[in-house]
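First the structure, in the form of structure tokens, and then the observations on it.
The values are calculated or read from the model by the stated rules, or taken from the named source; none is laboratory data. Computed from a predicted model, the values in this text were never measured in an experiment. Cβ placement follows ideal geometry from the backbone for every residue including glycine, while neighbour counts extend to all protein chains displayed.
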Amino acid sequence: MLELQNINYVKKNKEILNKITAGVERGESICLFGPNGAGKSTLLKIMASLIKPTSGKCEISLSTPKTVGYIPQQIALFPNMSVKDHLKYYQKLTKQKDQAFINEMSSALDLNSIMNKKVEELSGGMARKLNLAVGVIHRPEMIFLDEAFVGVDLAFKHDMLTWLNKLNNQGVTIVFVSHDWHVIYNLAKTMWVLQDGKLMDQFLIKDISKREMDYQSEDSALKKMFALRKFDYEKNGN
Ligand SMILES: Nc1ncnc2c1ncn2[C@@H]1O[C@H](COP(=O)(O)OP(=O)(O)O)[C@@H](O)[C@H]1O
Ligand SMILES: [Mg+2]
């Protein structure tokens, strides 16, 4: 449903993405993984059609237009507006008629208890949940998330992951940027490894133990990022 063909992205004479070719099938859940500055956010924006590549093609085929949801890294909400008014505003903006979907989402993300709070009164984690809710209120066919779980505690993470997995199980395609192993293990089926603007590797999460060996000999940021996986999980017997 999405094809990237030889994507290059150049800004101020700097090559940010280099010859990226890959495809995304309907219903996939992909984590874009790699060190800071690898080009993950740039690639995600190209995939979400927010920016155009310098050269190469990004072709996306959806059953109806405008059915992409993009959750930005920076929380984009109105400080003085309540949670309820955000939902109403974005419902109107996206012409979402399916109130049952919004009700289901509000309970899944546990927004009902904070409906009357203004954004400026929300904790960071609550704001992240609302940021997700408004980004998917129109029930997009593809969802792109850029570090959408930063500063979210485990209970809220649980709500967000459960909701996203439910959508994914219904056939919604998810592409996300994260270096949180908890999120990766609970949301991704596939990992794309980016470094220096290049797509180094693609593999199934279930094959991660085999594939990460490839990075062990390198003295790279990737080696350290994969090492943290062991530190987080294997020490505890998982
Ligand atoms: N608009 C821009 N102008 C100049 N450089 C940019 C711009 N956007 C991103 N970059 C540079 O491109 C590289 C990749 O950025 P980004 O896609 O944000 O990486 P990541 O999300 O993997 O950390 C970085 O070196 C960043 O400084
Ligand atoms: Mg980024």
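Among what's in the range 72-122 and is surrounded by fewer than 13 Cβ atoms within 10 Å (Cβ to Cβ) and within 16 Å of ligand 2 (Cβ to nearest atom), pick the residue that is nearest to residue 151 (Cα to Cα).
Applying the filter and picking the extreme gives 74.
Kindly indicate which of 55, 49 is over 16 Å from residue 140 (Cβ atoms) and away from ligand 2 (no atom under 13 Å from the Cβ).
Going through 55, 49 in turn, just one is over 16 Å from residue 140 (Cβ atoms) and away from ligand 2 (no atom under 13 Å from the Cβ): 55.
State which residue pairs qualify: first residue closer than 12 Å to residue 143 by Cα and inside the range 164-187, second residue acidic (Asp, Glu) in any location, beta carbons under 6 Å apart, and separation of 6 or more residues or different chains.
Pairs found: 173/28; 177/146; 177/147.
Restricting the search to the range 66-98, which residues are assigned to a loop (DSSP other than H, G, I, E, B) and of a type in the set (S, T, N, Q)?
If the condition is that a residue be assigned to a loop (DSSP other than H, G, I, E, B) and of a type in the set (S, T, N, Q), then 67, 73, 74, 80, 94, 96 are the ones that fit.
Can you give me the number of residues within the range 178-190 that are surrounded by fewer than 21 Cβ atoms within 10 Å (Cβ to Cβ) and either modelled with pLDDT of 95 or more or in a helix (DSSP H, G or I) (or both)?
At the first step, the residues of the range 178-190 found to be surrounded by fewer than 21 Cβ atoms within 10 Å (Cβ to Cβ) are 178-182, 184-186, 189-190.
If we keep only those that are either modelled with pLDDT of 95 or more or in a helix (DSSP H, G or I) (or both) too, we end up with 178, 181-182, 184-186, 189-190.
Matching residues across the range 178-190 total 8.
Just checking, which of 103, 131 is in a helix (DSSP H, G or I) and within 30 Å of residue 14 (Cβ to Cβ)?
Result of the check over 103, 131: 131.
Cβ-Cβ below 9 Å, separation at least six or inter-chain, first residue in the range 190-205 and touching a residue at least 60 places away in the same chain (Cβ under 8 Å) and among the β-branched types (Val, Ile, Thr), second assigned to a strand (DSSP E or B) and surrounded by fewer than 17 Cβ atoms within 10 Å (Cβ to Cβ): which pairs?
From the range 190-205, the pairs are 190/202; 190/203; 190/204; 193/200; 193/202; 193/203.
With the requirement that a residue be in contact with a helix residue (DSSP H, G or I) (Cβ under 6 Å, 6 or more places away or on another chain) and either more than 15 Å from ligand 1 (Cβ to nearest atom) or of a type outside the set (Val, Ile, Thr) (or both), what does the range 36-70 give you?
53, 58, 69
One line per residue, one yes/no per condition, for (1) at pLDDT below 95; (2) polar (S, T, N, Q):
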residue: 152; (1), (2): yes, no
residue: 164; (1), (2): no, no
residue: 174; (1), (2): no, no
residue: 238; (1), (2): yes, yes
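Given the structure, is residue 137 part of a loop (DSSP other than H, G, I, E, B), modelled with pLDDT of 95 or more, under 16 Å from the mean Cα position of the chain (by Cα) and more than 16 Å from ligand 1 (Cβ to nearest atom)?
yes
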